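Enquirer: Below you'll find the structure I mean.
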Amino acid sequence: MNEIDAELNGFAKLGISGQLLKATTAAGFTDPKPIQEQAIPAQLAGRDILGIAQTGSGKTAAFALPILSRIIALGTKRRPKTARALILAPTRELAVQIEETIKVLAKGAHISTALVLGGVSRFSQVKKIGPGVDFLIATPGRLMDLVREKDVILSETTWLVLDEADRMLDMGFINDVKRIAKATHPARQTALFSATMPAEIEQLTQSLLRDPVRVEVAPQGTTAAEIVQSVVLARTKQKRKVLSDMLADEAMSSVIVFARTKHGADRVTKDLERDGFEAAVIHGNKSQNARQKALNGFRDGSVRILVATDIAARGIDVPGISHVVNFDLPDEAESYVHRIGRTGRNGRDGIAITLVDPSENSKLRQVERIIRMKLPVIADHLGQPDPVREPRPQGERNFAPANDGAREGKEQRRDGRPRNDGFGKKRFGAKPHGDRPFAKKHDGDQGERNHGGERPFKGKPSGERHFHGKPKGDRPFGDKPHGERKPEGSKPFRNKRRFNRKPAARAA
Ligand code: AMP
């Protein structure tokens, strides 16, 4: 990197210079993102920032570069147990990611960083901060503990950043955040970033920020334009099969599956493994090591599917996530925006598919209100019977797929299922056609499609809608009414608990 190249870098125009500019360019950041253009000069001028930014907007560099620039100018004298800048993040993964970004941007400068996170030994954290650091990146709970025990002193902290403030609120950290802010230097400079602005965050901004410059890169609650979003209607019992069928499509090359609860995430992961997929899981009950290992595997591409809860996945920045699948809808509609923001990052296309049981219709409507658009329904399984569970030897699929049975002459997938089972590559890879995907191509029997009056369906009858251009004879149940759509040779569902029973010999 020569001086002239660095000078041409758009960050130079924002006031970034010297080694910091070189490192920024070396990191591949040449054109500042909109949030960086707005936030960097204001912070260099000493202003507080209120940043309303969607995930993946480039906010880490937006707050880190101005602070780095000022700290580099201060030199290396630090007081024991203190931190010049404190970055608070809601999750451990986000904190780790922020530290990595800061290290990359600070390359070549003498900048020290430390992490203070729950779930890992505090000994090494206390040791690291002992001589004093430039940047402390922390989750609020553990930091509060260390402040109480006087292992960390915040009175010298003159830069405070609250990242994903709305998430810290959701996670119940708000009082810790207030106490921590109070312990910092009264003349500090503060930046607060949040994707959404609920009333409590609005209040927090009023108490913590002084005459902030408001930077907003997308209207509140809107999602990245590059993400193609859709809905698949499926009852809860059908979701496992629907998900496995989707994932058999190799176009889904790097997928995050979101579950609402930790237990749900574990169950989805186990079911995927039983269905022959390798998946890693990340949620709050996992140890920090297990979470980091899962994340690393997903990041380096060795794990294709990551199952996650909202809390654990918040802020994860893994480039190239092709699909986000919401196995169920989050309790808070705003989490939907964060979930799907895992894909479509850095201007790349992304696809977000949400599986919706009729009981989730009101949550779906809340999401649609927040994102200010109606999500197109690209598949509807509600008219189909629930998958039939049959006892299978361990390690095999645990349910009978609706159109299983290796019929002669059928093209098979890797997992033995025929290809034309309604999950062709195109359907999930392709963008919906305009705002009425699949709508009104056939007259269809609209009356039959009204599921409990909740969400009238505007598309083709379910037997037809996934089989564009395929002859009817190829459809496993193409010409049978729903009630008769039982998989060939399948046995009726008997007793679920039977499969958990001990072998006869032991039971006796
Ligand atoms: P963030 O919102 O900070 O998590 O950033 C999202 C992604 O954008 C990260 O992968 C960054 O490395 C990347 N990024 C941030 N700023 C720039 C930039 N100016 N040019 C290219 N990539 C960037």
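Enquirer: Taking every pair of alpha-carbon atoms in segment 178-264, give the share separated by more than 16 Å as a whole percent.
Expert: Working: 2704 of 3741 pairs.
I get 72 percent for the Cα pairs in segment 178-264 exceeding 16 Å.
Enquirer: Can I ask one more? Based on the Cβ-Cβ distance from Ala251 to His185, what FRET efficiency comes out when R0 is 45 Å, to the nearest 0.05?
Expert: Numbers: r = 52 Å, r/R0 = 1.15.
With R0 = 45 Å, the Cβ-Cβ based efficiency is 0.30.
Enquirer: If you don't mind, another one. How large are Rg and Dmax for segment 125-249 when calculated on the C-alpha trace, in angstrom?
Expert: Cα-based Rg and Dmax for segment 125-249 come out at 20.1, 57 Å.
Enquirer: Quick one: grab the alpha carbon gyration tensor of segment 64-108, order the square roots of its eigenvalues as a ≥ b ≥ c, and give me rounded if a/c is under 1.5, else prolate or oblate depending on whether a/b is larger than b/c.
Expert: Numbers: a/c = 2.24, a/b = 1.39, b/c = 1.61.
Oblate.
Enquirer: Bin all alpha-carbon pair distances of segment 227-380 at 10 Å intervals from 0 and give each bin's fraction as a whole percent.
Expert: Histogram of Cα-Cα distances, whole percents per bin: 12, 46, 36, 6.
Enquirer: Explain nothing, just the number: relative contact order of segment 4-89, from Cα pairs under 8 Å at least 6 residues apart, as a whole percent.
Expert: Working: 66 pairs, mean separation 22.3, N = 86.
Relative contact order, segment 4-89: 26 percent.
Enquirer: From the phi of every residue in segment 278-289, what ³J(HN,Hα) in whole Hz does the Karplus formula 6.51 cos²θ - 1.76 cosθ + 1.60 yield, where θ is phi - 60° and glycine or proline is x?
Expert: Along segment 278-289, the couplings run 8, 9, 10, 10, 9, 7, x, 8, 7, 5, 4, 4 Hz.
Enquirer: Moving to a separate point now. Work out, step by step, the length gained on full extension between Asp211 and Val126: first 0.36 nm times the residue separation, then minus their alpha carbon distance; give nm to one decimal.
Expert: Values: separation 85, 0.36 × 85 = 30.60 nm, distance 3.46 nm.
Answer, rounded to one decimal: 27.1 nm.
Enquirer: Can you pull the percent of Cα pairs in segment 2-216 with separation above 28 Å?
Expert: Numbers: 5171 of 23005 pairs.
In whole percent, the share of Cα-Cα pairs in segment 2-216 beyond 28 Å is 22.
Enquirer: Could you tell me the relative contact order of segment 227-380? Use alpha-carbon pairs under 8 Å, at least six residues apart, and round to a whole percent.
Expert: Working: 285 pairs, mean separation 54.0, N = 154.
Relative CO of segment 227-380 lands at 35 percent.
Enquirer: Sticking with this structure for a sec: For segment 35-127, compute the orientation-averaged projected area of the C-alpha convex hull (one quarter of its surface), in nm². Don't skip to the answer; put the middle values down first.
Expert: Numbers: hull surface 27.1 nm².
Projected area, direction-averaged: 6.8 nm².
Enquirer: Evaluate E = 1/(1 + (r/R0)^6) for Ala12 and Asp386, where r is the Cβ-Cβ distance and R0 equals 45 Å; express this FRET efficiency to the nearest 0.05.
Expert: Values: r = 61 Å, r/R0 = 1.36.
Here the calculated transfer efficiency is 0.15.
Enquirer: Please arrange Met171, Met246 by how many other C-beta atoms lie within 10 Å of their C-beta, fewest to most.
Expert: Working: Met171 19, Met246 22.
Starting with the residue having the fewest Cβ neighbours, the order is Met171, Met246.
Computed from the coordinates by the stated procedures, all read-outs in this text should not be read as laboratory data. All figures in this text were calculated on a predicted structure; none of them were measured in a lab. Heads up, the Cβs are rebuilt from the backbone with ideal geometry, glycines too, and the neighbour counts pull from every protein chain shown.
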